[in-house]
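Everything on this sheet refers to the single structure shown next.
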Amino acid sequence: MNGDAEIIIREVPETLAVPYESVREKNNTSYVWVLQDNLPVKKVVKTGFATDDYIQIIQGLNPEDVVITSGFTEIEKKFNKK
């Protein structure tokens with residue numbers, strides 16, 4: 001006999017969460033790339049709870065922000081300010 005189960009450890013209502021792979025880290029600072037005026041812009045974020053797929057954003061993003069989820073190598077070459 002086999003079965004699947006989902007165990008909910010914690011529910012966090014009305015929170016922002018983004019795909020885990022979209023959160024980058026450098027020098028102990030977490031950030032994401034968002035689109036502003038059709039250009040990538042780096043935004044520093046504070047993260048919270050995480051699952052295998054998503055990570056909670058506590059600070060630094062607005063619900064209307066469009067988070068970039070792929071193409072980071074090219075974006076960082078072209079748009080990362082040192």
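Of note:
- Of the GluC sites (Glu not before Pro) found in the chain, the ones in coil according to DSSP and having at most 11 other Cβ atoms within 10 Å of their Cβ are Glu6, Glu11, Glu14, Glu64.
- For the range 38-54, 3J(HN,Hα) per residue [Karplus equation, 6.51 cos²θ - 1.76 cosθ + 1.60, θ = phi - 60°, Hz, x = Gly/Pro]: 6, 10, x, 10, 7, 10, 6, 10, 10, 9, x, 5, 9, 10, 5, 10, 10
- Thr47 long-range amide H proximity, modeled H, under 5 Å: Ile58
- Close amide H partners of Ile68, meaning residues 5 or more places away or on another chain with modelled amide H under 5 Å apart, are Trp33, Val34, Leu35.
- Using C-alpha pairs below 8 Å separated by at least 6 residues, the relative contact order for the chain is 29 percent.
Laboratory data are not the source of any read-out in this text; all were calculated from the coordinates shown. If you're wondering where the values come from, they're calculated on a predicted model, not measured in any experiment. In this analysis, Cβ positions are derived from the backbone assuming ideal geometry, glycine residues included, and neighbour counts consider all displayed protein chains.
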